[in-house]
């Protein structure tokens with residue numbers, strides 16, 4: 001560790017991993033409730049489980065991004081962080097707000113929560129992924145603004161690199177597009193249309209900039225490839241992201257009340273969306289092949305390559321499967337969307353957080369050459385368990401989606417939603433099984449932190 | 001392929017392409033925002049429909065159901081529940097909704113459960129009006145069948 005202020009990244013990383021365990025745990029509870037509707041009912045109804053599951057994901061990724069940024073920015077700018085104290089302060093604000101929100105979801109009926117948290121003054125709640133009470137949303141704004149300020153001030157006084165510029169652009173985009181979370185039009189269609197400005201433009205535009213910058217940083221560190229070369233790749237990847245991802249928002253506007261031209265624009269633009277992820281694979285593997293140094297932290301490079309591959313599969317391939325308008329007519333609102341969502345978030349975002357943690361955490365713990373070979377071996381098993389688990393549950397959800405479409409939407413002998421879901425319950429059991437594998441993988445990953453170091 | 005592209009070329013594609021895409025996106029957004037009132041029959045969006053939407057949100061209905069294909073996938077699509085359960089008859093649908101909401105949670109073992117939300121009769125009517133309004137939105141022929 002070259003700069004002492006990088007140390008502030010550590011609590012962010014640890015908390016992100018704790019939240020990830022919570023996220024997967026709630027995912028497992030949902031997987032059981034999918035099969036046995038009485039499970040945990042009425043103690044925790046499905047909508048609460050889901051809210052906790054998805055909100056934990058969002059918050060853990062923000063923690064992961066923040067930790068990664070605080071680790072990377074001093075090294076990139078070649079100067080200490082502008083204010084490590086502020087970074088620690090925002091950590092506690094965000095952690096407290098996050099925990100309070102989850103407890104609120106679990107212990108207060110949602111309708112009551114809306115009343116308690118001033119939702120009648122400025123209604124923002126009850127929309128998918130943006131269920132957070134108003135004080136939480138304001139807390140997120142406060143934390144993100146202070147975070148960006150901290151990063152910006154550090155960059156201003158230090159060295160500016162392509163990585164810092166791209167990262168900052170992504171962070172600004174993240175902040176700006178979150179503002180749509182505060183505007184809820186009375187018209188449901190207008191509401192849905194603008195809601196995507198936060199949801200899509202986060203995950204398929206601004207977050208991809210952050211992802212690209214983080215991946216580039218780790219690749220520079222573990223391969224020793226010339227920065228000029230890495231920068232070119234980074235620009236190419238994010239160029240394709242911007243060109244495809246922004247107009248690709250149109251794939252959400254096919255069948256929700258927006259005009260017909262989105263059928264064409266959304267289909268064409270999002271057909272290109274796999275390209276930046278494909279470039280990421282080329283990027284990671286080319287840099288690994290051309291590497292100038294043999295870093296002892298081999299598992300970090302494995303995670304980096306894995307991110308590119310799984311991101312391509314989840315976001316690229318599984319996105320493309322249902323992104324063309326004539327196909328989406330039948331897949332819209334089925335388990336295929338859930339399949340894509342799971343593998344894309346895991347492959348692109350959870351894995352980049354793992355990548356950065358795998359690279360940075362040993363250094364923060366005083367092991368500049370990475371963890372011991374034994375610990376890396378354990379981590380590698382965790383890597384495969386989680387990847388296979390996620391792929392398996394994605395395949396199961398895809399199969400569920402296809403059956404659902406055949407049951408409800410194709411042919412003349414249609415059956416209703418509930419009946420169709422019952423016919424899928426075997427597949428849902430398989431999904432739960434793969435979910436258990438993912439959780440076991442995460443526990444194995446945790447265990448790798450405690451493997452004894454070589455003497 | 002990548003050997004022939006220089007860093008500055010890649011940088012220009014990023015800024016140029018990104019700005020171009022954003023520009024088109026904003027132009028189309030402007031047009032869409034103008035078209036939505038017509039496509040969604042905003043003139044029929046009564047106070048009751050708006051109140052229904054608020055109840056929909058306050059009870060996090062989207063945490064289980066989909067509406068126009070978006071939401072969770074645990075419970076049925078509700079854009080066309082008016083046609084499916086009400087036969088497109090407003091009186092019949094509102095009656096059905098009163099009965100349905102009062103009967104929750106259903107006592108069928110292992111069946112997925114819908115919580116009891118303790119809504120007043122008036123609130124259930126608001127919700128029905130909201131769903132009736134939603135069913136008439138022009139969503140480019142979606143959903144493909146009555147089963148949603």
*Selected residue [within 29 Å of residue A:103 (Cβ to Cβ) and either in a helix (DSSP H, G or I) or modelled with pLDDT of 95 or more (or both)] from A:140, A:163, A:156, A:189*: A:140
_Single condition residue B:4 does not satisfy, out of (1) at pLDDT 95 or above; (2) more than 10 Å from chain A (Cβ to nearest Cβ); (3) surrounded by fewer than 18 Cβ atoms within 10 Å (Cβ to Cβ); (4) more than 18 Å from the chain's Cα centre (by Cα)_ = (1)
*Being under 24 Å from residue B:8 (Cβ atoms), part of a helix (DSSP H, G or I) and either more than 8 Å from chain B (Cβ to nearest Cβ) or modelled with pLDDT under 95 (or both) narrows it down to one of A:210, A:246, so name that one.*
A:210
*Condition check for residue A:257: within 14 Å of chain B (Cβ to nearest Cβ) and farther than 15 Å from residue A:355 by Cα*: yes
*Before we move on, is residue A:413 more than 13 Å from residue B:148 (Cα to Cα), part of a helix (DSSP H, G or I) and either over 26 Å from the mean Cα position of the chain (by Cα) or at pLDDT below 95 (or both)?*
no
*When you go through (1) touching a helix residue (DSSP H, G or I) at 6+ places or on another chain (Cβ under 8 Å); (2) within 8 Å of chain A (Cβ to nearest Cβ); (3) within 18 Å of residue A:126 (Cβ to Cβ) one by one for residue B:25, which number turns out not to apply?*
(3)
_Give me the residue from the stretch A:4-31 that is over 15 Å from residue A:438 (Cα atoms) and surrounded by fewer than 17 Cβ atoms within 10 Å (Cβ to Cβ) and, out of that set, nearest to the other protein chains (Cβ to nearest Cβ)._
A:14
*Within the stretch A:41-69, count every residue that is more than 18 Å from residue A:128 (Cα to Cα) and more than 10 Å from chain B (Cβ to nearest Cβ).*
8
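Residue by residue, here is whether (1) touching a residue at least 40 places away in the same chain (Cβ under 8 Å); (2) within 7 Å of chain A (Cβ to nearest Cβ) holds:
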position	(1), (2)
B:111	no, yes
B:116	no, no
B:131	yes, no
B:136	yes, no
B:141	no, no
B:144	no, yes
*If you take the residues in the stretch A:80-106 that are closer than 17 Å to residue A:54 by Cα and surrounded by fewer than 18 Cβ atoms within 10 Å (Cβ to Cβ), which one is farthest from the other protein chains (Cβ to nearest Cβ)?*
A:99
*Counting just the residues of the stretch B:120-129 that are within 13 Å of another protein chain (Cβ to nearest Cβ) and surrounded by fewer than 19 Cβ atoms within 10 Å (Cβ to Cβ), which one comes out farthest from residue B:58 (Cα to Cα)?*
B:120
*Could we say that residue B:96 is in contact with a strand residue (DSSP E or B) (Cβ under 8 Å, 6 or more places away or on another chain), farther than 14 Å from residue A:188 by Cβ and surrounded by 17 or more Cβ atoms within 10 Å (Cβ to Cβ) here?*
no
*Members of the stretch A:311-347 that are within 10 Å of chain B (Cβ to nearest Cβ) and over 22 Å from residue A:54 (Cβ atoms)*: A:325, A:329, A:330
_Residue that is farthest from the chain's Cα centre (by Cα), among those in the stretch B:18-49 that are touching a residue at least 60 places away in the same chain (Cβ under 8 Å), in a helix (DSSP H, G or I) and surrounded by 15 or more Cβ atoms within 10 Å (Cβ to Cβ)_ = B:48
_Checking the condition modelled with pLDDT of 95 or more, surrounded by 15 or more Cβ atoms within 10 Å (Cβ to Cβ), in contact with a helix residue (DSSP H, G or I) (Cβ under 9 Å, 6 or more places away or on another chain) and at positive phi, which residue from B:148, B:71, B:63, B:87 passes?_
B:71
*asked:* If I ask for residues that are free of Cβ contacts under 8 Å to residues at least 60 places away in the same chain and within 19 Å of residue A:354 (Cα to Cα), which ones from the stretch A:48-59 would you list?
replied: A:53, A:56, A:59
*asked:* Taking the condition of being surrounded by fewer than 23 Cβ atoms within 10 Å (Cβ to Cβ) and either modelled with pLDDT under 95 or under 16 Å from residue B:30 (Cβ atoms) (or both), how many residues in the stretch A:249-278 meet it?
replied: 3
_So, restricting to helices (runs of 4 or more DSSP H) that lie completely within the stretch A:278-397, which ones have at least 3 residues that are in contact with a helix residue (DSSP H, G or I) (Cβ under 6 Å, 6 or more places away or on another chain)?_
A:298-311, A:318-321, A:335-344, A:351-364
*Does any residue in the stretch B:58-75 that is at the interface with chain A (Cβ under 7 Å from one of its Cβ atoms) come within less than 9 Å, Cβ to Cβ, of a residue that is at pLDDT below 95 and crowded, with 22+ Cβ neighbours inside 10 Å six or more places away or on a different chain, and which pairs are these?*
B:66/B:148; B:69/B:148
*Which residues, counting only those in the stretch B:51-88, are more than 25 Å from residue A:105 (Cα to Cα) and outside any loop (DSSP other than H, G, I, E, B)?*
B:81, B:82, B:83, B:84, B:85, B:86
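The values are calculated or read from the model by the stated rules, or taken from the named source; none is laboratory data. All values reported here derive from a predicted model rather than from experimental measurement. Every residue, glycine among them, receives a Cβ derived from its backbone with ideal geometry; neighbour counts consider all protein chains shown.
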